[in-house]
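What follows is a single structure, written as structure tokens, with notes after it.
Read-outs: derived from the displayed coordinates by stated rules, not from any lab. The structure presented is a predicted model; accordingly, all values stated were derived computationally and were not measured. Cβ atoms come from the backbone with ideal geometry, glycine included; neighbour counts cover every protein chain shown.
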There are 2 protein chains.
Amino acid sequence: MIEDLAIKSDSKILLLVLDGVGGVPVNGKTELETARTPNLDKLAKQGITGLTYPVSRGITPGSGPAHLSLFGYDPIQYQVGRGLLEALGSGVILDPEDIAARGNFATMDANGVITDRRAGRISTETNKEICAHLQQNISQIEDVKIELTPGKEHRFVVVFRGKGLDDQITETDPQEIGQEPIECEALAPAARKTARIVCAFVERAKELLKAPANMIILRGFEKIQRVPKMQARFKLSPVAIATYPVYRGLAKLVGMDILETGANVGDKMETLKNNWEQYDFFYVHIKKTDSFGEDGNFKEKVRKIEEVDKHIPEFLSLNPDVFVITGDHSTPSILKAHSWHPNPFLLHSKWVISDQATRFTERECMIGGLGRFNAIHSVPLMLAYALKLKKFGA
Amino acid sequence: MIEDLAIKSDSKILLLVLDGVGGVPVNGKTELETARTPNLDKLAKQGITGLTYPVSRGITPGSGPAHLSLFGYDPIQYQVGRGLLEALGSGVILDPEDIAARGNFATMDANGVITDRRAGRISTETNKEICAHLQQNISQIEDVKIELTPGKEHRFVVVFRGKGLDDQITETDPQEIGQEPIECEALAPAARKTARIVCAFVERAKELLKAPANMIILRGFEKIQRVPKMQARFKLSPVAIATYPVYRGLAKLVGMDILETGANVGDKMETLKNNWEQYDFFYVHIKKTDSFGEDGNFKEKVRKIEEVDKHIPEFLSLNPDVFVITGDHSTPSILKAHSWHPNPFLLHSKWVISDQATRFTERECMIGGLGRFNAIHSVPLMLAYALKLKKFGA
């Protein structure tokens with residue numbers, strides 16, 4: 001329905017995502033409750049708050065579903081597998097015709113049996129050299145381009161780019177040692193070409209490799225989904241200001257332009273200012289709140305929140321018509337992991353009816369005027385407050 | 001989705017259901033607000049609260065849908081009819097191939113016309129004798145076992161147990177006097193055997209019966225649904241501690257083990273303690289809050305709530321990882337019936353962000369941190385707080 005109601009207009013939406021910002025109390029207070037955040041507090045008093053569920057109550061989301069729902073996409077309909085996320089995470093830009101897969105360098109004995117699925121955990125440096133060697137010698141098979149991206153230790157991502165590819169093929173990874181690699185086979189007639197290309201790729205890689213990393217095993221073949229772009233769905237001109245590959249990849253997936261920027265909040269602020277005229281939807285991603293949460297570093301997570309708080313007046317000085325601050329999922333330091341707790345959500349706009357929340361915290365957002373809602377409603381809400389949605393019905 | 005995310009773990013979930021606990025104010029206070037509940041109050045302060053809708057806003061549920069949603073089953077998808085509920089309520093354990101029906105003993109005149117659908121409301125004692133007589137003489141027809149269970153006055157339940165049965169048959173109850181009983185007919189080819197068995201059963205019963213209860217009329221033929229078990233859906237080892245047959249039957253339906261226990265809260269506590277090691281999901285059912293509500297006995301309902309409150313420390317001493325206290329539906333004493341009012345819901349776990357609720361009452365739960373939700377989300381929430389759900393997506 002939103003597709004039919006969205007209209008293009010001059011108003012600007014700023015979505016500031018503090019990755020994993022939500023927490024759980026330690027000594028009675030969460031990270032957000034512990035942090036000194038005078039600017040966020042003021043914004044919470046002026047704006048309207050609530051709590052969002054990335055997928056649904058009780059569900060702990062990965063970064064993929066957490067971001068997709070925040071971007072207005074059903075995270076159950078659009079599931080992005082590990083192969084694709086690792087490819088996106090490695091900075092590979094994928095097109096809808098491409099097929100990505102995750103690979104391991106492995107050790108195979110004289111009888112063709114896998115004796116080590118990780119080739120003795122070769123170093124990341126060695127991995128890079130091997131990938132470069134393979135890439136130089138296998139850049140194309142038939143009309144399909146082959147693109148290798150090294151990961152950590154024995155891991156890599158391979159992308160097959162060409163026409164008529166199909167991901168309904170068997171994996172070549174036997175998943176345990178003592179087995180031969182599995183011959184890639186088509187599971188549907190449409191995938192015959194893909195299986196043939198993959199077999200040829202494995203064969204040529206085997207010829208080029210030597211022990212201990214003398215074989216490759218592949219799994220998680222996946223074609224990137226045709227995700228309708230935000231431009232078409234929401235009539236937005238969206239842009240991402242993010243440094244980490246996964247978030248840049250997810251933003252790319254939904255059609256955002258991707259800007260180069262620095263690691264600090266200040267760098268992102270600068271990038272935002274410099275590009276303020278060109279777009280009307282700005283996704284700014286702060287990763288460290290999540291990283292410190294994953295590390296169990298309560299104190300540094302608090303400090304990162306306080307750093308963001310200092311920049312709030314600068315963000316406001318750009319006069320966004322809608323300014324949303326939220327998390328994609330919670331990452332309580334005490335759990336050292338993503339969690340199912342809903343995200344604090346704060347929306348600032350001249351059209352809000354302010355609520356009784358006095359701070360941007362999990363507990364204050366419990367009494368927020370927006371109540372609890374699935375994060376997929378965030379974009380419709382932002383569009384509405386930016387006066388970018390027509391009336392529904394006569 | 002929950003099916004794919006649930007994992008087996010050592011953590012334990014305790015679900016204490018105070019049947020029909022929610023009320024409506026009398027002289028300004030509900031039963032929960034009137035009761036002195038220091039232990040529940042403390043738990044409310046430490047935990048997180050909310051309000052649940054068994055089916056949806058405004059809907060007053062029977063015990064079946066109210067419990068099924070609390071057990072994590074869509075109460076609209078899994079509808080359990082009166083025939084089955086009466087069978088379950090009579091303690092009959094049904095298998096998925098069985099067909100149950102509700103029966104009346106009736107009076108028929110010499111012309112074969114029903115003159116009294118209740119056979120003059122014969123006594124429950126007489127009913128038992130007649131059922132025993134029929135059971136002795138009709139235990140099997142073809143390869144189908146017949147099982148009769150007497151109910152109150154003129155009511156009974158009959159279960160047909162055998163292969164190839166189908167409930168697409170016509171009822172034999174004409175629903176009004178002055179009509180002949182309806183001949184049971186198959187409404188689909190698959191039900192021909194069932195119709196034949198039912199006709200033979202009615203014919204043989206008629207031969208064995210004498211006035212005033214000289215005929216039987218049957219309605220509500222229903223095959224028990226194949227309900228996926230909690231073990232498979234949620235990877236739980238669930239057990240029910242309940243005395244009333246309907247709740248034992250409902251628990252059995254979703255795969256719970258059923259323990260023998262006594263009528264008092266203390267008896268149930270004892271059963272719980274003795275079985276604490278063997279399971280990881282404990283459903284403890286307290287019936288009397290509902291019974292006193294149905295009787296319109298506000299004072300005794302308050303007293304029962306206070307009795308439960310006294311046992312809260314004992315429940316806590318077992319150290320459940322997740323402890324939920326809630327109702328299945330509301331039964332306001334002033335209405336003397338089930339109602340549509342949402343259920344107060346209290347979740348206690350080390351991972352909660354406590355809210356501002358200071359008591360376990362309808363009004364305090366209105367400001368609860370879990371907000372309002374359909375009761376079907378209770379199990380996903382309990383699983384999440386017990387760390388029994390994997391992350392969704394990468």
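If you take each beta carbon of peptide A:49-58 and count the beta carbons of other chains within 10 angstrom, what is the mean? Mind showing how you got there, number by number?
Details: counts 0, 1, 3, 0, 2, 2, 4, 6, 11, 13.
Going residue by residue through A:49-58 and averaging, the value is 4.
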Note the distances from A:GLY393 to each other copy's matching label point, with points 7 Å along the Cα-to-beta-carbon direction, in nm, sorted shortest first. 3.0
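Work out, in µm²/s and without decimals, the Stokes-Einstein translational diffusion coefficient of segment B:84-223 at 10 °C, 1.306 mPa s, Rh from Kirkwood over C-alpha pairs. Let's see the in-between values first.
Numbers: Rh = 14.8 Å.
Calculated translational D: 107 µm²/s.
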For the protein assembly as shown, count the residues as N, evaluate 2.2 N^0.38 Å, and divide the Cα radius of gyration by that value, please. 1.15
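Beyond 29 Å between alpha-carbons counts as too far, so tell me which of B:LYS145/B:LYS229; A:LYS152/A:LYS288; B:LYS163/B:LYS229; B:LYS163/B:LYS390; A:LYS145/A:LYS336 fall in that bin.
Numbers: B:LYS145/B:LYS229 26 Å; A:LYS152/A:LYS288 21 Å; B:LYS163/B:LYS229 22 Å; B:LYS163/B:LYS390 40 Å; A:LYS145/A:LYS336 40 Å.
Pairs exceeding the cut-off: B:LYS163/B:LYS390; A:LYS145/A:LYS336.
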What ³J(HN,Hα) values, in whole Hz, does the Karplus curve 6.51 cos²θ - 1.76 cosθ + 1.60 give for segment A:68-85 when θ = phi - 60°, with x put for Gly and Pro? 4, 5, 5, 8, x, 10, 5, x, 8, 5, 9, 9, 10, x, 4, x, 5, 5
Among A:MET108, A:MET256, A:MET382: highest mean-square fluctuation, GNM of chain A, C-alpha pairs under 10 Å: A:MET108
Please report the base-10 log of the normalised intensity I(q)/I(0) for segment B:195-251, using a Debye sum with one equal scatterer per alpha carbon and no solvent, at each q in 0.15 (1/Å). -0.71
For segment A:94-149, what log10 I(q)/I(0) values come out of the Debye formula at q = 0.14, 0.25 1/Å, with one point per alpha carbon and no solvent? -0.51, -1.09
Crossing angle, helix A:298-317 versus chain A [Cα axis fit, 0-90 degrees, rounded to tens]: 60 degrees
Please report the antiparallel percentage of the DSSP beta bridges confined to the protein assembly as shown, to the nearest 5. 60 percent
Debye equation applied to the C-alpha atoms of segment A:293-394, log10 I(q)/I(0) at 0.17, 0.20, 0.21, 0.22 Å⁻¹: -0.93, -1.20, -1.28, -1.35
Measuring from a point 7 Å out along Cα→Cβ, what nm distances, shortest first, does A:GLU183 have to its partners in the other copies? 6.5
Quote the Stokes-Einstein diffusion coefficient, in whole µm² s⁻¹, for segment A:66-118, based on the Kirkwood radius over alpha carbon pairs, a temperature of 37 °C and a viscosity of 0.692 mPa s. 238 µm²/s
Give me the percent of DSSP beta bridges within chain A that run antiparallel, rounded to the nearest 5. 65 percent
7 Å along Cα→Cβ, label-point gaps from A:GLY371 to other copies, nm, shortest first: 0.8
Net charge of neighbours whose Cβ lies under 10 Å from the Cβ of A:ILE367, counting Lys and Arg as +1 and Asp and Glu as -1: -2
Which percent of Cα pairs goes in each bin when the distances of segment A:180-322 are cut into 10 angstrom slices starting at zero? 9, 25, 22, 19, 17, 7, 0
Take B:LYS145 and B:VAL113, extend 7 Å from each Cα along the Cα→Cβ direction, and tell me the distance between the two endpoints in nm. 4.2 nm
Whole-Hz Karplus ³J(HN,Hα) for segment B:223-235, in order, using 6.51 cos²θ - 1.76 cosθ + 1.60 and θ = phi - 60°, x for Gly and Pro? 8, 5, 6, 7, 8, x, 6, 4, 4, 6, 6, 10, 6
Just from its helices, what would the mean residue ellipticity at 222 nm be for chain B, if runs of 4 or more DSSP H residues each count -39500 (n - 2.57) and the sum is divided by every residue, rounded to the nearest 500 deg cm²/dmol? -9000 deg cm²/dmol
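Share of Cα-Cα pairs in chain A beyond 42 Å, in percent? List each step's numbers first, then the result.
Details: 16297 of 77421 pairs.
Cα-Cα pairs of chain A separated by over 42 Å account for 21 percent.
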